Amino acid sequence: GEYDLGTNASALAISEEFKADTKNHGKQTIIITVKGADDAEHAISVPVTLITKMIATVADFQSIQPTSAVKGVWGYYVLAADIADNSLASSSYVGDWEETTGFFATLDGAGHTISAAANGAGGLFGILRSATIKNLTVKDNWRSAWASGGSSLLAKACFNSTLENVTFTYV
């Protein structure tokens with residue numbers, strides 16, 4: 001939409017509707033039109049990243065995992081701290097293969113580590129669909145001691161998704 005900043009460049013207000021539409025989050029370009037002293041208008045393109053949520057705790061991470069109530073997750077998420085909990089990789093929803101089920105979002109690990117145990121079929125994200133996982137280390141706390149073909153650490157399935165600068169360690 002269009003917003004009039006007047007003469008206060010810090011007065012940009014983003015609507016609650018836009019904030020709630022997580023499908024539009026991530027890398028965007030904001031075009032700012034300024035009027036010079038001569039009344040001429042100039043457009044300035046400003047690249048921004050709209051972050052849906054900073055993830056700092058296990059509860060924060062669980063809030064972005066698909067569930068039977070919220071089957072599809074969209075947005076742009078950034079890890080703010082290392083996270084460790086062995087239940088994480090068994091809690092992601094995979095009970096339905098509809099095209100609207102899965103993690104459709106971006107998770108930027110920002111160099112942090114998620115430590116979990118590959119003790120469930122769904123992994124951390126259940127189903128990755130057009131997702132991006134980047135700048136992250138995923139540490140498996142259990143896989144080397146319990147190798148089972150029925151366990152996933154990252155996801156049960158991955159469709160049209162990107163892993164960028166992701167490291168897996170098994171202990």
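Here are a few things to note about the model shown:
- Screening THR106 with (1) modelled with pLDDT of 95 or more; (2) of a type in the set (S, T, N, Q); (3) in contact with a Leu (Cβ under 9 Å, 6 or more places away or on another chain) gives one miss only, at (3).
- Considering the conditions (1) open to solvent by less than 50 Å² (accessible area, probe 1.4 Å); (2) at pLDDT 90 or above, TYR93 is excluded by exactly one of them, (2).
- Flag if ALA69 is open to solvent by 20 Å² or more (accessible area, probe 1.4 Å), farther than 18 Å from SER151 by Cβ, within 15 Å of the chain's Cα centre (by Cα) and without any contact (Cβ under 8 Å) to a residue 12 or more places away in the chain: no
- Number of the exception - ASN8 against (1) modelled with pLDDT under 80; (2) closer than 23 Å to THR106 by Cα; (3) in a loop (DSSP other than H, G, I, E, B): (2)
- One residue stands out in the stretch 56-88 among those that are in contact with a strand residue (DSSP E or B) (Cβ under 6 Å, 6 or more places away or on another chain) and hydroxyl-bearing (Ser, Thr, Tyr): the one that is nearest to ALA20 (Cα to Cα), namely TYR76.
- All positions within the stretch 55-80 that are outside any helix (DSSP H, G or I) and over 21 Å from LEU163 (Cβ atoms): ALA56, THR57, SER63, THR67, SER68, ALA69, VAL70, LYS71
- Among the residues of the stretch 25-64, those identified as surrounded by 13 or more Cβ atoms within 10 Å (Cβ to Cβ) and in contact with a Phe, Trp or Tyr (Cβ under 7 Å, 6 or more places away or on another chain) are HIS25, GLY26, LEU50, ILE51, THR52, LYS53, ILE55, ILE64.
- Filtered by the rule that a residue be more than 17 Å from THR22 (Cβ to Cβ), assigned to a strand (DSSP E or B) and not hydroxyl-bearing (Ser, Thr, Tyr), the stretch 89-118 gives GLY109, ALA110, GLY111, HIS112, ILE114, ALA116.
- Residues that are modelled with pLDDT under 95, in contact with a Lys or Arg (Cβ under 8 Å, 6 or more places away or on another chain) and of a type in the set (Gly, Ala, Ser) within the stretch 129-170 comprise just one, SER151.
- Subset tally (residues that are over 19 Å from LYS134 (Cα atoms) and either open to solvent by less than 60 Å² (accessible area, probe 1.4 Å) or within 16 Å of the chain's Cα centre (by Cα) (or both)) for the stretch 72-89: 3
- Checking each residue in the stretch 114-132 for being over 12 Å from the mean Cα position of the chain (by Cα) and open to solvent by 30 Å² or more (accessible area, probe 1.4 Å) picks out ASN119, ALA121.
The values are calculated or read from the model by the stated rules, or taken from the named source; none is laboratory data. Not measured: the values here are computed from a predicted model. With ideal geometry, Cβ positions are generated from the backbone for all residues, glycine too; neighbour counts draw on all protein chains shown. Surface accessibility is based on the protein's heavy atoms, side chains included, excluding ligands, DNA and RNA. Shrake-Rupley method; radii C 1.70, N 1.55, O 1.52, S 1.80 Å.
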